[in-house]
Every structure is written in structure tokens, then in C-alpha cells.
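The values are calculated or read from the model by the stated rules, or taken from the named source; none is laboratory data. Computed from a prediction, not measured in an experiment: that's the story for all the values here. Here the Cβ positions follow ideal geometry from the backbone for every residue, glycine too, while neighbour counts run over all protein chains shown.
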Amino acid sequence: MTVPSRRRFVTSTAAAAAATAAAGAGITAAAAPAHAHRPGRADAGAGFAPVTVAQDDPRYEDLAVRGANKRFTARPESFRVVSSTAQVVAAVGEAVRAGKRIAVRSGGHCYENFVGDPAVRIVLDLGQLDTVRYDADRRAFEIGAGARLGDVYRTLYYGWGVTVPGGASASVAFGGHVLGGGYGPLSRRHGISSDHLYAVEVVVVDAAGRARAVVATREPGDPHRELWWAHTGGGGGNFGVVTRYWFRSPGATGGDPTTLLPRPPGSVLTSTVMFPRDGLDKAAFRTLVGNHGRWHERHSGPDSPYRGLFSGLVLLGRQHQNDQGLAAIAFTHLDATLPNAEKLLQDHIDALTAGVAAEPWVMPTEKLPWLASVNSLAAAQDAETGRQKIKCSYLRRAFDDAQIDVLYDRLSGTDHVHDTASVSLQSYGGRVNAVAPGATASAQRDSVLKALFMNTWQDPAQDGDSVDWLRRLYADVYAETGGVPVPGGQGDGCFVNFPDVDTADPRWNTSGVPWHELYYKGNYRRLQAVKSAYDPRDVFRHALSIRPTGR
């Protein structure tokens with residue numbers, strides 16, 4: 001989720017407070033002709049010329065510290081604050097002619113040091129490209145790459161009663177979120193964000209070094225259709241600079257904008273169950289985590305009556321301060337408009353707690369308007385800031401007992417006491433799994449959970465120990481498959497919106513499976529062909545970027 005959809009989730013006012021305290025393409029360059037750029041109302045920009053912010057500019061520090069992961073600070077030669085596609089084309093062209101490495105930032109939520117790489121000389125800041133409007137010509141909703149999820153949800157919902165099924169962090173921008181797939185509370189019901197992507201505008205650089213804007217759509221006859229496909233899960237920083245997206249659900253017809261994207265439920269039932277560390281011994285912990293995983297194995301099909309349910313089990317480490325003794329928090333959001341919603345929710349909670357020999361704290365069920373339920377998730381997610389290391393995996397089946405025991409030993413141990421450490425198991429599957437692995441670039445289409453491993457701290461002196469602790473936890477959970485969730489078994493690779501450079505490091509990935517197979521599985525060669533066609537000079541690159549064919 002986009003979270004990332006991105007961080008661990010908690011819900012309800014009381015629970016949020018407790019959790020905060022606790023813790024095959026065949027493409028060639030010749031097949032990629034330039035598309036006539038159609039400037040629209042959004043392309044007029046924010047009303048100012050492109051701004052170059054150099055290191056002696058008082059605005060520089062504000063831009064430098066904007067990233068979400070405080071371990072990394074971007075300190076390029078300059079930031080370029082742009083407010084239109086034309087300005088992006090000019091800035092990219094100028095950087096290429098000068099031979100200066102560039103990186104792109106929309107919301108600043110990349111958790112590896114791709115933007116702050118010392119080799120990057122110019123950072124394009126897309127935060128001003130934040131338009132949200134209905135484009136009648138394309139019969140689709142146009143969303144700028146810098147638009148934040150919270151603003152997009154509010155505008156789409158109040159304006160037309162619709163939404164894009166994405167993450168629950170209000171501050172994440174669409175620019176990078178959609179490129180990796182983008183998932184959240186509505187994904188089991190409606191799929192991931194990129195499943196609804198109709199078109200994308202990308203500033204690319206050809207073999208001669210010329211920058212130009214290309215609009216690629218999912219229309220079968222579009223000569224740039226492969227570029228559209230690559231942006232349905234191919235990850236950020238690979239092909240060019242995305243400036244705008246257009247969204248219309250597959251199969252949606254007509255020109256009534258209120259029917260062209262999913263309509264969220266009018267209200268949501270929210271439930272929170274908290275498990276104190278006292279009483280939750282290894283056997284009880286094994287039962288709880290196993291119950292949660294096996295429930296998702298049984299109830300994550302595309303037509304499951306539970307596809308309107310989104311839940312998470314957040315497993316907490318011991319903390320330096322404010323440790324209220326919580327070992328786990330389970331939260332659930334369920335479509336309250338279902339005719340048997342209360343029973344479905346209670347049955348889910350009963351299945352989760354069955355046989356757990358520990359007395360949980362059960363919060364009263366709340367019924368919230370949909371947008372309020374999204375805001376409650378976002379408030380908890382966005383409150384957690386600092387220096388971070390994050391890893392992620394897809395789960396096709398529940399963790400086995402040996403993996404659960406590793407989680408228990410490490411999270412309840414005292415070898416490294418944390419500011420905030422957690423492993424969050426979040427609902428997946430449902431309608432996500434109704435799409436074929438090659439229909440979009442998001443290849444993982446039979447998983448039932450996503451696991452997010454996260455460590456957050458504040459003191460730079462703890463960087464080494466804190467990163468090492470999470471690395472060892474993850475490696476031990478996946479010890480049987482070389483330290484990573486090798487696709488096709490119990491795990492199914494990694495989520496590209498939570499990039500992890502350790503997957504390309506033989507010290508931490510001993511599986512023999514390359515990093516790109518973990519993220520893209522069988523779609524990587526096709527993505528390479530798109531890369532070769534639209535970025536043959538490899539202008540847009542980082543530590544885990546897609547390589548052109550032959551590299």
C-alpha cells in the first residue's frame with residue numbers, strides 16, 4: 001500500500017494513539033516516434049517560470065530536507081522547481097546537453113538514496129504539478145505527478161464521487177506511487193492504482209539527446225502503448241519524467257465522469273484489537289500470526305465476499321520509550337454497506353483470535369464515512385518519521401512456524417531496542433489477482449498479503465546497528481530461500497515501491513535469483529525493451545533501475 005503505500009497501518013483514534021506510542025516487446029527506437037504534445041489547462045503550470053535553486057539560495061535547505069527518509073538528504077548542484085511539462089522538457093534537455101546526472105522527485109518518499117546519490121547534479125522537483133481535473137477530451141481524470149494522495153482523494157470524491165484505489169498516506173505523491181502499482185484499502189475490491197491507468201505523459205530522451213514529451217495510452221493502436229504498459233508497475237526513475245497521468249477504469253464507457261472510476265463505499269466499519277506483550281508467548285504469537293495468514297489464504301480470491309475487507313496485523317518490537325507493552329495490533333476496515341457487514345467483521349475477528357492464549361484489548365467498532373476512514377489511516381502512517389530502513393515482500397501463503405518464531409525472537413528480544421520497529425502484514429489479493437501477470441508490468445498477481453519490515457530511529461549514531469538489525473531479521477525470515485522471498489514459493493518477490501538495494505547485494509541475497517526477478521519476475525525483459533526504446537542513453541538511472549537491453 002502505497003502505502004506505500006507505504007508504512008504500517010493502524011486505525012481509530014484510540015488505536016492510532018496506542019500504535020504511535022507502541023511503536024516480450026520487440027520494440028526498437030524506430031518504433032517510438034515522437035507524439036505531438038498537447039498542452040492543456042494543466043500544462044499552463046503554477047504561474048511562474050522554472051526556478052533554479054542553487055546551494056547559496058535560502059530555499060535550498062528546505063528542498064534538501066524534504067525527503068521522507070531522514071537517513072538521506074539530497075544535496076545536488078541545484079534543484080529545478082518546475083510547473084509545466086514544457087519546463088520539464090527544457091530542464092531535461094539542458095541537463096543532457098551539459099552532461100549532468102538528473103533525478104526526479106515528486107513527493108520525496110523513496111526509501112533508498114536514489115535522489116540523494118552524490119552523482120546526481122540536478123534534482124527536478126515536481127511538487128507544483130498537482131492538477132486534479134476531469135479531461136473531457138480523453139474521458140479520463142488528469143492527475144499531476146506532484147499531486148498528493150490525500151488531495152486527490154478529496155477532490156475526486158467531493159467533485160465526482162469516485163476515487164483511484166491507492167495508498168493511505170496523505171503526503172505521498174502520485175508521481176512515484178502509481179509507477180510501482182500503488183495499493184491500499186480499496187485494492188482488494190478494485191485492484192491497484194495502475195490497473196485504472198488510461199494514459200501517461202512522459203518526458204523522454206532519444207538517442208540523439210533530444211528531450212520530448214510523449215503521451216502513451218492503453219489503446220491497442222497506440223504506437224506508444226508499450227510505454228504506457230511499462231508505467232503500470234515498472235517503478236520510478238526508469239524511462240523518463242512522468243508529468244501527468246490520466247485514469248479511467250478498463251471497460252468504463254460513456255462521458256459521465258461519475259461512472260469512469262470506482263465509487264468507494266459510503267461508510268466503513270473499523271475495528272482494532274491490541275495484544276499486550278505480557279501473555280503473548282511464542283506459542284500464542286505463532287497462533288495469532290498463523291491465523292491471520294491462513295485467513296487470507298482462504299479469503300483472497302477475486303470473488304471472495306471479503307474482497308471489501310482490508311486488514312493488517314502489525315507486529316511490534318520493543319521500544320526505547322513509551323513502550324506500553326504492546327506486541328501486536330490488528331486493524332480491519334470493511335465496507336459497511338455490505339448487507340452482512342457486521343457478521344463478516346465479527347467472523348474475521350473470531351478467526352484471527354481463535355486459540356490465542358492471551359487476553360486482547362478490543363476497541364469498540366466504529367462506523368466512519370469513507371473519506372474519514374482514509375484520513376484515520378493516513379494520520380497514523382504520516383506521523384512516523386525519522387531515519388529508516390524498509391524491506392518488503394509478497395506472500396502467496398502464510399509464514400510458516402519457523403518464520404514466525406524468527407519474528408517473535410527478534411521483535412521481543414532485547415539485543416537491539418528500537419525507537420520503532422515493526423513487521424506489518426497487510427491484506428492483498430482480491431480483484432488484484434483477477435489481472436494476468438503480463439497484462440500490466442505488476443507481475444505479482446496471486447499473492448494474498450504484503451509484508452512490510454520497517455525500522456525507524458532518530459539518532460544518526462544508530463544508523464549502522466539499526467540497518468543491520470533489520471537486514472538480519474529479513475535474511476533470517478527468508479533463510480530457506482537465500483535471504484529473499486524467491487518468486488513462486490511461499491513468497492513471491494518484492495514490491496518495487498519499497499526498493500531495497502540489499503536485493504542486489506550478494507551478501508544479503510544468496511539465492512542466485514537476481515534483484516530484477518524479485519521485483520518484475522517474467523516482465524523484466526519486456527521492460528528492458530521499453531527502456532532501450534525510450535531511454536537508450538540510460539539518462540534515467542539509479543541503483544535498482546531497469547537496464548537497457550544488453551546491459
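See the values below:
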quantity	calculated
Which listed residue, of ALA378, ALA357, ALA327, is buried (at least 19 other Cβ atoms within 10 Å of the Cβ), at pLDDT below 95 and under 27 Å from ASP281 (Cα atoms)	ALA327
Qualifying residue in the stretch 247-261 (condition: in the same structural domain as ALA145 (by TED's automatic domain parsing), modelled with pLDDT of 95 or more and part of a strand (DSSP E or B))	yes
Which listed residue, of ARG472, ARG431, ARG387, is charged (D, E, K, R), closer than 30 Å to LYS521 by Cβ and either surrounded by fewer than 21 Cβ atoms within 10 Å (Cβ to Cβ) or in contact with a Leu (Cβ under 7 Å, 6 or more places away or on another chain) (or both)	ARG472
Qualifying residue in the stretch 280-289 (condition: under 18 Å from ASP195 (Cα atoms) and surrounded by fewer than 20 Cβ atoms within 10 Å (Cβ to Cβ))	no
Residue selected from the stretch 182-239 under the condition hydroxyl-bearing (Ser, Thr, Tyr) and closer than 17 Å to VAL496 by Cβ, by the criterion surrounded by the fewest Cβ atoms within 10 Å (Cβ to Cβ)	THR232
Residue within the stretch 117-135 that is in contact with a Leu (Cβ under 7 Å, 6 or more places away or on another chain), outside any loop (DSSP other than H, G, I, E, B) and buried (at least 21 other Cβ atoms within 10 Å of the Cβ) present	yes
Candidates THR20, THR28, filtered to the one that is modelled with pLDDT under 90 and surrounded by fewer than 14 Cβ atoms within 10 Å (Cβ to Cβ)	THR28
Filter pass, VAL241 being in contact with a strand residue (DSSP E or B) (Cβ under 9 Å, 6 or more places away or on another chain) and more than 19 Å from ARG139 (Cβ to Cβ)	yes
Scan of the stretch 84-101 for residues that are within 26 Å of the chain's Cα centre (by Cα), surrounded by fewer than 24 Cβ atoms within 10 Å (Cβ to Cβ) and closer than 23 Å to VAL200 by Cα, ordered by number	SER84
Residue satisfying all of: in the stretch 479-537; in a helix (DSSP H, G or I) and aromatic (Phe, Trp, Tyr); farthest from CYS392 (Cα to Cα) among these	TYR534
Tabulated pairs, the stretch 449-468, first of a type in the set (Lys, Arg), second outside any strand (DSSP E or B), C-beta under 6 angstrom, 6+ apart or interchain	LYS450/TYR428
